[in-house]
Structures are given as structure tokens and as C-alpha cells.
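Student: My structure is below; once you've seen it, I'll send some questions.
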Amino acid sequence: MAAQRDKSRTIPGTTIFDGVESRKGYRINKFAMSFTKPKNREAFTADEEAYMDSWSLSEQERQFLRDRDYRGLIEECGGNIYMIMKLGTCTGHGLYHVGAQLRGQTFKEFMATRTASGAR
Amino acid sequence: MAKVVGGIGTSHVPSIGKAYDMGQQEEPDWKPVFDTYKPVQKWLADLKPDVAIVVYNDHGSSMFFDKYPTFAIGAADTYPIGDEGWGPRPLPAVPGNPEFSWHLAEELVYNEFDMTVCQELSVEHGFLVPMNLCFPHEPNWPVKTVPIAVNVIQHPLPTAMRCYKLGQAIRQAVEACEDDLRVVIFGTGGMSHQLNGTRFGHLNTAFDNDFLDKIETDPLALTKLTHQEIMEEAGAEAVELIMWLTMRGALSDDLTRVHRNYYAPMTTGMGLIALEENA
Ligand SMILES: [Fe+2]
């Protein structure tokens with residue numbers, strides 16, 4: 001069997017969404033997936049704390065959600081980028097806001113690194 | 001007999017769908033994206049396919065990590081537009097050809113590709129952005145579709161070679177169908193991009209252009225790439241490119257390249273290649 005991954009060669013600045021991450025992130029990803037239903041988006045917008053109560057989230061996950069700390073949700077809690085993006089309609093934060101956070105930059109700083117940032 | 005008449009490799013960046021829905025096709029940074037699909041639309045209109053097989057991945061619309069299939073095939077009359085968290089896009093539902101889907105499923109499974117068959121499947125940006133860009137769709141889509149979903153988001157993923165072989169098996173399955181169907185196949189996703197970590201936004205245009213060369217002339221070289229190599233070179237999310245190999249595996253080597261383009265405005269290398277079967 002040819003190895004598809006070389007786990008001894010970590011790729012700098014990179015998290016690979018595998019079984020370890022998916023197990024760790026199961027709760028937060030399932031929570032984020034719930035945002036594909038309009039009634040759940042409405043419930044979150046109406047009362048964030050009550051909506052979070054209806055899911056078994058850890059206190060750390062809840063705090064990252066309150067803080068809109070996407071870096072924490074993804075890098076520490078196993079959040080999958082595609083799931084975490086679903087929070088965006090309710091939080092008002094799109095991919096490039098999340099990306100700037102991941103890179104430790106402001107939105108403006110990040111946008112300045114792109115060649116045609118009108119295509120956002 | 002059904003036959004494969006062409007293949008398209010294309011990125012499926014979700015922001016393209018949003019820009020389309022907001023009518024931003026003429027905005028300077030978006031215009032190159034939309035304009036480059038015009039010759040492909042024209043080519044497809046002349047080619048008159050009956051069916052488009054679309055190889056894509058579900059990014060959490062119909063599928064979740066409770067049970068995420070490695071390979072799945074849609075077998076529905078209609079594929080509704082999915083809600084990915086921001087409401088369904090204003091596009092007509094996409095027609096399927098369930099008889100043909102079940103035919104493909106039988107052939108593929110008996111050929112040892114163990115597909116999950118989906119009779120209810122909403123489709124999302126991985127599928128819709130390429131369809132949206134390549135076909136007029138008001139009031140209705142001009143082709144029937146067969147969605148084929150590949151796990152490229154939760155490792156372990158199928159290998160590049162396995163994806164290529166799936167394409168070869170799809171070609172055999174198409175040719176085993178008695179109906180006179182003209183089939184095009186889409187491989188979607190990529191090109192270089194990374195959406196996590198401090199390397200968010202990583203692009204590799206040299207890798208992408210080399211991939212565009214080889215997908216046409218030397219796909220076997222690409223089947224040797226490991227996930228590790230693709231991720232190191234082109235970013236963690238660039239592994240989506242293995243789906244282009246399914247498209248290419250379904251084609252012969254007697255091809256004419258109809259169109260090719262590359263543009264990397266933001267965080268993803270947007271590639272496009274259209275290949276037509278000569279025979
Ligand atoms: Fe994708």
C-alpha cells in the first residue's frame with residue numbers, strides 16, 4: 001500500500017482534516033451543519049445562548065462561538081472549514097474574514113496580499 | 001450505444017455562484033471568470049450532450065461526517081438546490097436520469113467500484129457552479145445529470161489512481177448502455193488552495209499550470225501524485241484535483257483541446273479545460 005500521507009512530514013501552517021480532527025470536531029461540526037436549516041439559523045439569531053444550550057457543546061466551543069474566534073473553532077476544536085463557513089449568514093463573517101483570522105492578519109492586510117480582490 | 005463525447009475540468013469556487021446571483025459578471029475582477037466560460041458554453045451547445053456526469057464533492061449540504069461516502073452516485077428524477085447555510089441559490093432544480101444512473105451503478109458495482117446510491121440528493125456549489133457556468137438554465141437546464149460525489153474532504157481519501165480508474169470504469173459503463181446518449185463528464189474542484197491554518201490562501205500557479213498540461217497529455221503522471229505531495233505543493237484543499245482524474249479516466253487519448261484557462265484572483269486557482277473526443 002503506497003502511503004498517501006507522510007505523518008512525519010507536517011506541512012507548516014496546515015491542518016489536515018482526518019479521523020483525528022473529525023472525531024475531535026464532531027460536535028462543533030454537527031452544530032455548524034445545523035445552520036443548513038433556516039429554522040436553526042433563526043433560532044440562533046433569536047437567542048444564541050439558548051440555541052447553544054440545545055447542543056452538547058463544550059464551554060471552550062461556546063466561548064469561541066461567542067467570540068467569533070474561527071481560528072479557535074478550526075485549529076483547536078476540530079472545526080471543518082466547510083462546516084464553520086455555514087455560521088456566516090448569522091455572524092456576518094465570510095471566508096476571507098475567517099482566513100485573515102487564521103493568518104493572524106486584519107481583513108485589510110489579508111486582502112492586500114491578493115491579486116484581484118474584487119473577485120471576493 | 002451511449003458514448004462519452006467530451007470532458008471538462010473546472011474549479012467550483014462557491015464565490016463564483018454568489019457573484020453570478022448578484023449580477024457581478026461584468027465587474028473587472030470577475031469578468032475574466034465569466035468570459036472564459038463563454039466558448040465552453042458555445043461548444044457544449046454545439047456538442048448537444050444528453051447527459052452530464054458531474055464528479056464533485058459535497059461540502060456539507062446533503063452529506064455529513066456521520067456517514068460520509070467515499071464514492072456516491074445520484075439516482076433521482078430531480079436534484080433540488082441545496083441550502084449550504086445561506087439559503088438555496090435561485091436556480092431551477094436539476095433534472096436527473098435515474099434509469100441511466102441505475103445502469104451506471106450496476107455496471108460500476110459489478111466492476112468492483114462500490115458506489116453508495118443516493119435517491120434523495122440536494123446539490124450544492126461543487127456541482128452547481130460548473131453547471132451554472134457551462135449551461136444556460138432559464139427556464140430549465142438543457143441536459144440531464146448524474147452527480148457522482150467523491151470524498152475529498154475527510155481523510156482517508158481515495159487515491160488519485162483510484163479516481164482515475166473510476167473514470168475508466170465510468171467510460172465502460174457508459175458504453176455498455178444501449179441507449180443513444182451523448183455524455184459529457186465534468187471533473188470539478190481545486191486547483192491550488194488552502195482554507196485552514198496560517199497557510200490559508202496558499203496558491204501555486206506553477207503546479208496548477210503543470211497539472212493543466214498533464215491532465216491533457218499525461219494523466220498517468222498525475223495518478224502517481226500522493227495526497228501528501230498535492231497538499232505540500234498546492235495546499236490542503238487542492239486534493240480536490242483528484243476528481244479531475246475521474247473525468248480524464250473516462251476519456252480516450254484521441255482528444256482535441258477546445259479551451260483552456262487559468263485565473264487566480266483570490267484564494268483558489270481557477271482552472272478550466274475542455275476536451276473533445278475526436279472519434
Ligand atoms: Fe470544493
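Student: Going through A:Leu73, A:Leu95, A:Leu57, A:Leu65 one at a time, which residue ends up being surrounded by 15 or more Cβ atoms within 10 Å (Cβ to Cβ) and touching a residue at least 40 places away in the same chain (Cβ under 8 Å)?
Tutor: A:Leu73
Student: Do any strands (runs of 3 or more DSSP E) entirely within the stretch B:1-115 hold 2 or more residues that are within 16 Å of the ligand (Cβ to nearest atom), and if so, which?
Tutor: Strands (runs of 3 or more DSSP E) meeting the threshold: B:3-10, B:51-56.
Student: Filter the stretch B:123-153 for residues that are within 16 Å of the ligand (Cβ to nearest atom) and surrounded by fewer than 20 Cβ atoms within 10 Å (Cβ to Cβ) and give the result.
Tutor: Within the stretch B:123-153, just B:Asn151 meets the criteria.
Student: Considering (1) in contact (Cβ under 8 Å) with a residue 24 or more places away in the chain; (2) surrounded by fewer than 21 Cβ atoms within 10 Å (Cβ to Cβ); (3) among the hydrophobic types (A, V, I, L, M, F, W, C), say which one B:Met63 fails and leave the rest.
Tutor: (2)
Student: Can you list the helices (runs of 4 or more DSSP H) found entirely within the stretch B:209-255 that contain at least 1 residues being crowded, with 19+ Cβ neighbours inside 10 Å, of a type in the set (S, T, N, Q) and away from every other protein chain (no Cβ under 14 Å)?
Tutor: Answer list for the stretch B:209-255: B:242-249.
Student: Can you confirm whether the stretch B:79-94 contains a residue that is crowded, with 17+ Cβ neighbours inside 10 Å and among the hydroxyl-bearing types (Ser, Thr, Tyr)?
Tutor: yes
Student: Ok, one more. Here is a check on your reading of the model: is B:Arg162 more than 16 Å from the ligand (Cβ to nearest atom), basic (Lys, Arg), within 28 Å of B:Ala45 (Cβ to Cβ) and buried (at least 17 other Cβ atoms within 10 Å of the Cβ)?
Tutor: Here the answer is no, as B:Arg162 does not meet what is asked.
Student: Take B:Arg89 and tell me if it is within 29 Å of B:Leu220 (Cβ to Cβ), in contact with a helix residue (DSSP H, G or I) (Cβ under 8 Å, 6 or more places away or on another chain) and among the basic types (Lys, Arg).
Tutor: Here the answer is no, as B:Arg89 does not meet what is asked.
Laboratory data are not the source of any read-out in this text; all were calculated from the coordinates shown. Since the structure is predicted, the reported quantities are computational estimates derived from the model, not experimental observations. Note that each Cβ is placed from the backbone with ideal geometry, even for glycine, and that neighbours are counted across all protein chains shown.
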